[in-house]
Amino acid sequence: METTTVRKHSQAKIRFEMKLTPDEKRQITLLSQQEGKPAKKVIMMLVQQALQQIKPNTLSAKEIMKLPPQKRKRILTQQFQEAEKLYKDNPELIVPDVDAPIDY
């Protein structure tokens, strides 16, 4: 007799801090008032919407490198374009290189 295990998706509590510009804070306050929800709930709603837009890559780096060259190039190009847009839209994510170059 076969048995099937059903796994329930659990929610993990994650604590994080956000630094908002005055304009971002104003926008969240306005959205909070429009939705009739506390700002915390509005922020969570925005985070969930953003996460739904992310296309998960189910392939590991090793698996991508094993793909035929054309498919691999297409995937890597798409990833590069997405990363470029992400950093262009969110320059605060760019971390300056603080390590000195290593000579061999």
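Residue 77 falls short on exactly one of the conditions (1) of a type in the set (S, T, N, Q); (2) surrounded by 10 or more Cβ atoms within 10 Å (Cβ to Cβ); (3) in a loop (DSSP other than H, G, I, E, B), and that condition is (3). Residues in the range 8-30 include at least one that is at pLDDT 90 or above, within 28 Å of residue 83 (Cβ to Cβ), out of contact with any Asp or Glu (no Cβ under 8 Å at 6 or more places or on another chain) and of a type in the set (A, V, I, L, M). The criterion of being touching a Ser or Thr at 6+ places or on another chain (Cβ under 7 Å) and at pLDDT 90 or above holds for residue 38.
Here residue 59 clears all of (1) under 15 Å from the mean Cα position of the chain (by Cα); (2) more than 29 Å from residue 18 (Cα to Cα) except the condition numbered (1).
The values are calculated or read from the model by the stated rules, or taken from the named source; none is laboratory data. Keep in mind that what you see is a predicted model, and the values were worked out from it rather than measured. A quick note on method: Cβ atoms are made from the backbone with ideal geometry, for glycine too, and the neighbour counts reach across all protein chains shown.
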